[in-house]
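Q: Below you'll find the structure I mean.
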Amino acid sequence: MKLKNYNYIALLMNEILLQNVYACGKRCDILVRGNLIAKIADKIEAPAAEVIDCSRMAAIPGFINMHTHAAMTMTRSAKEDMTLMPWLQYIWKIEAQIDEEILYWGNKLACLEMIKTGTTCYNDMYWGVGIAARACDEMGIRGVHSYCMLDNGDMVKAEKERKALVRAFEESKSFSSLNMFEVAVHAPYTVCADNMRWAAMFAEENDLPIHIHLSETEQEVKDAQKNWGCSPVEYCESLGLLSDRVIAAHSLWLSPHDIELMGAYGVTAVHNINSNLKIASGYKFPMDELMAAGANVTLGTDGCGSSNNLDMLEALKTAALLQKAWRNNPEAAPLSTLLKIGSENAAKALKLNAGKIEEGRLADIVLIDMNNVWFTPNYNFEANLVYSANSSCVDTVICDGRIVMRGRKVEGEQEILDNAAACGERLMSRIK
Ligand SMILES: [Zn+2]
């Protein structure tokens with residue numbers, strides 16, 4: 001109890017004053033106290049606070065990457081120009097050679113990249129929760145971790161996977177508040193029906209989100225029709241796996257009935273545009289249709305094996321351009337919607353008190369440097385951010401009230417690059 005009080009006082013002592021920052025459409029001061037946004041006003045006096053002069057900066061909520069496989073930074077550029085299934089086979093071969101040290105530096109590299117590109121929270125689908133949580137603690141950003149169940153219909157393996165997930169869940173109970181846990185089911189075509197039902201039940205019992213790849217390719221939908229006589233979304237519903245706990249990565253090949261179901265159950269869809277484009281899975285993500293049906297739309301990058309980076313700003317731009325292009329409608333994906341799918345909607349899905357620059361919210365804030373060509377002139381900050389700028393404009397990142405990057409400098413950056421590069425060489429030497 002004493003220790004808890006001590007930590008609480010220490011948090012209270014931590015004050016950061018963002019002076020004269022552009023946020024929510026105007027210039028203001030923002031006071032961060034502990035891990036929260038304590039006050040937003042025209043002028044704030046806070047003598048004890050660490051002051052950051054933000055006269056050429058804007059504050060935005062940290063991006064929340066809703067679908068990634070963080071440690072797949074170690075598969076970045078390993079295999080290019082391939083279709084999904086052969087590519088997956090190759091990636092699985094590499095992943096079988098990933099040991100704990102490679103996993104650790106892969107996670108650290110991912111956190112470093114996310115900080116540099118303004119992401120303060122990511123929803124991961126991988127293995128090694130303890131290592132992933134350690135990376136988040138050391139780097140200071142939030143992660144949602146799991147054990148990803150994948151049994152390929154093998155009943156012996158299915159039981160092992162359930163046990164491994166329960167063990168990971170138990171382990172996660174000792175993690176810091178930066179780390180959350182969820183149930184992860186690789187996909188309806190790689191996880192048996194029993195485990196799909198079990199995942200839904202376990203998530204319900206323990207109040208956890210469910211992370212799944214869903215309707216990523218046209219072939220997946222065709223196979224589902226052949227195997228189960230219905231779409232992957234309908235199959236999930238038949239197993240009791242549709243609810244507002246579900247975070248469905250890709251959600252690309254959806255019928256009107258699928259969209260109706262996802263809306264009715266309040267499912268969160270994650271658009272992974274760059275990964276989809278690169279593997280040529282498709283690009284007609286039904287953003288407007290899903291939102292109109294009542295589904296929650298968010299954005300992710302997918303792992304670096306397919307998307308090559310974890311850059312949410314780049315993903316936002318590509319997503320917007322594609323929506324406008326295939327709909328032949330420049331009014332599609334307006335800026336107000338884009339910024340919501342990058343953070344606010346994701347926070348809602350994770351039940352995280354973040355995603356907005358607002359008093360009382362968690363202080364997960366990104367400071368954008370506007371003293372450059374991309375924000376000059378600056379008639380419309382949001383337009384410049386999405387369509388003109390790139391992530392090199394991310395100057396400072398605050399997560400949970402702590403500065404994790406300032407002036408683009410992250411503590412220990414060179415050590416991470418050196419170790420991750422060495423791990424990559426070791427990993428590839430095992431494949432050849
Ligand atoms: Zn994925």
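The values are calculated or read from the model by the stated rules, or taken from the named source; none is laboratory data. On a predicted model such as this, the values are computed, not experimentally measured, just so you know. Note that each Cβ is placed from the backbone with ideal geometry, even for glycine, and that neighbours are counted across all protein chains shown.
Q: Taking only pairs six or more apart or across chains, which ones have beta-carbon atoms under 6 Å, a first residue in region 288-306 that is over 29 Å from E80 (Cα atoms) and without any contact (Cβ under 8 Å) to a residue 40 or more places away in the chain, and a second residue that is of a type in the set (D, E) and more than 9 Å from the ligand (Cβ to nearest atom)?
A: The qualifying pairs are A293/E260.
Q: Moving on. Give V156, V129 a once-over and let me know the one that is loosely packed, with under 15 Cβ neighbours inside 10 Å and either away from the ligand (no atom under 16 Å from the Cβ) or in contact (Cβ under 8 Å) with a residue 12 or more places away in the chain (or both).
A: V156
Q: Something else: Quick check on region 23-82: of everything there that is within 16 Å of the ligand (Cβ to nearest atom) and basic (K, R), which residue is nearest to P377 (Cα to Cα)?
A: Across region 23-82, the extreme among qualifying residues is R76.
Q: When residues of region 181-208 are filtered for being closer than 22 Å to A133 by Cα and either crowded, with 22+ Cβ neighbours inside 10 Å or over 23 Å from the mean Cα position of the chain (by Cα) (or both), how many remain?
A: Count: 6.
Q: Still on this structure: May I ask you to list the residues in region 65-103 that are small (G, A, S) and in contact (Cβ under 8 Å) with a residue 12 or more places away in the chain?
A: A70, A71, S77, A78
Q: Answer yes or no as to whether K79 is assigned to a helix (DSSP H, G or I), surrounded by fewer than 24 Cβ atoms within 10 Å (Cβ to Cβ), assigned by TED's automatic domain parsing to the domain that holds N308 and modelled with pLDDT under 95.
A: So K79 fails the test.
Q: I would also like to ask the following. Across region 316-337, which residue is nearest to the ligand (Cβ to nearest atom) among those that are in a loop (DSSP other than H, G, I, E, B) and aliphatic (A, V, I, L, M)?
A: Among those residues, the one meeting the criterion is A333.
Q: In region 178-199, is there at least one residue being among the charged types (D, E, K, R), within 16 Å of the ligand (Cβ to nearest atom) and in contact (Cβ under 8 Å) with a residue 24 or more places away in the chain?
A: Yes, the conditions are met somewhere in region 178-199.
Conditions (1) touching an Asp or Glu at 6+ places or on another chain (Cβ under 7 Å); (2) part of a loop (DSSP other than H, G, I, E, B), marked per residue:
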residue	(1), (2)
L339	yes, no
N353	no, yes
L367	yes, no
N384	no, no
E411	no, yes
E415	no, no
A421	no, no
L427	no, no
